Amino acid sequence: MVTSASILGCSGKVLSREEKAFFGDVAPWGFILFARNIESPDQVRRLVDDLRASVDRPDAPVLIDQEGGRVQRLGPPHWRRYPPGRAYGELPASAPLLGREIARLGARLLAHDLAALGINVDCLPVLDVPVEGAHAVIGDRAYARTPEGVAVLGRAACEGLIAGGVLPVIKHIPGHGRAMADSHLDLPVVDAAYEELEARDFAPFKMLSDMPMAMTAHVVYAAIDPRRPATTSRAVMRDVIRGAIGFDGLLMSDDLSMKALGGGFADRARAALAAGCDVVLHCNGDMAEMKAVVSGTKALSGQALRRAKAALGRIARTPEPFDAREARARFDAAFEGRWAA
């Protein structure tokens, strides 16, 4: 079966007959879960199994946004709360290695939670470097206010996820931290000079360019392409993401249903793929929108297929040895129990 260069959501906690038939016909590369799809561990496991069965691919990636803080699809009472990225960067400066250790440990705990459900991709870490006055959509999701601080803690998080059998997705490449608008609602335009972007915004992504997957930013960088956001800009893809940053992993769009993008859904998908995205993401589970997205999506082939296979090849068949109880105790001690739940 030919695989569509798409990642799609579903509408509820179980697959409808229409969704099963649709996914079977269009064969998306992967799926993404949101809070609307979550009830209990057993229910999530069944849904994950059914999603993979619908495309007859037991290795189909199932993604989730499980960062901690404001962006956490799994939560109490069945799953613990986790801190936002900033909390790791604010651990005592007197212990400079503590933040890195605990960021890795937190991600390893996240991977433990996700792997138990069959979820094998986490849209983490956020590598955006916020600037003063930027929109709060990134805010405390960022690890630090310097590229070096973001990169160190971001790599630690990637290592923790990979060690637990879950792929990380670095986001939002090439950098959302300077945006003065929320791309869920509006199209942010960044006017900074290229040299400033390269030194600050692009730097964490360049330092983690070896990661298997990345998610684009729906942000216009006027110094590179004054008309198109990164997701649909061939210049940003070629010259920055694949060029200056040197990322050669699987590149997925951010959600095509976000209001930063204009035009119909088929056009959005075509534009993202034509610009250089390997796969497109559509999250809200709306059937009419998904059908339009898929109509503008091509088969996963060529370099995109190579990158997709390489990404899945990074999933550890046997996670590293892990004592979850001891890890939770160490994690809670670092934060003095603040995030225990």
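The numbers here are math on the coordinates, done by the rules we state, and not lab data. In this text, all values refer to a predicted model and were calculated from it rather than measured experimentally. Here Cβ is always computed from backbone atoms with ideal geometry, including for glycine, and neighbour counts include all displayed protein chains.
See the values below:
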{"quantity": "Cα centre as origin, Lys/Arg/Asp/Glu Cβ charges: the chain dipole, Debye", "calculated": "500"}
{"quantity": "Highest-MSF residue in the chain out of Ala244, Ala217, Ala269 [GNM, Cα springs under 10 Å]", "calculated": "Ala244"}
{"quantity": "Computed FRET value (nearest 0.05) for Lys291 with Arg314, which takes r as the C-beta separation and R₀ as 35 Å", "calculated": "0.65"}
{"quantity": "From the C-alpha gyration tensor of the stretch 132-208, square roots of 5λ in Å", "calculated": "23, 15, 11"}
{"quantity": "For semi-axes √(5λ) of the Cα gyration tensor in Å, calculated from these coordinates, the label among (1) 34, 21, 18; (2) 28, 26, 17; (3) 44, 37, 18", "calculated": "(2)"}
{"quantity": "Separation of the Asp191 and Arg45 label points, Cα + 7 Å toward Cβ, nm", "calculated": "5.5"}
{"quantity": "Antiparallel DSSP beta bridges within the stretch 148-265, as percent of all bridges there, nearest 5", "calculated": "10"}
{"quantity": "For the stretch 261-318 versus the stretch 198-242, the gap between their alpha-carbon centres in whole angstrom", "calculated": "17"}
{"quantity": "Rounded to the nearest 20 debye, dipole of the stretch 102-189 from Cβ charges on Lys, Arg, Asp, Glu", "calculated": "220"}
{"quantity": "Relative packing of 173-180, 289-296, 46-53, 148-155, which averages over residues the other C-beta atoms within 10 Å, highest first", "calculated": "173-180, 148-155, 289-296, 46-53"}
{"quantity": "Inter-site label distance for Arg227 and Phe322 at 7 Å from Cα along Cβ, in nm", "calculated": "4.7"}
{"quantity": "For the chain, built as a Gaussian network whose Cα springs stay under 10 Å, the top-fluctuating residue of Pro147, Pro188, Pro77", "calculated": "Pro77"}
{"quantity": "Most mobile of Ser233, Ser253, Ser54 in a GNM of the chain (Cα contacts under 10 Å)", "calculated": "Ser54"}
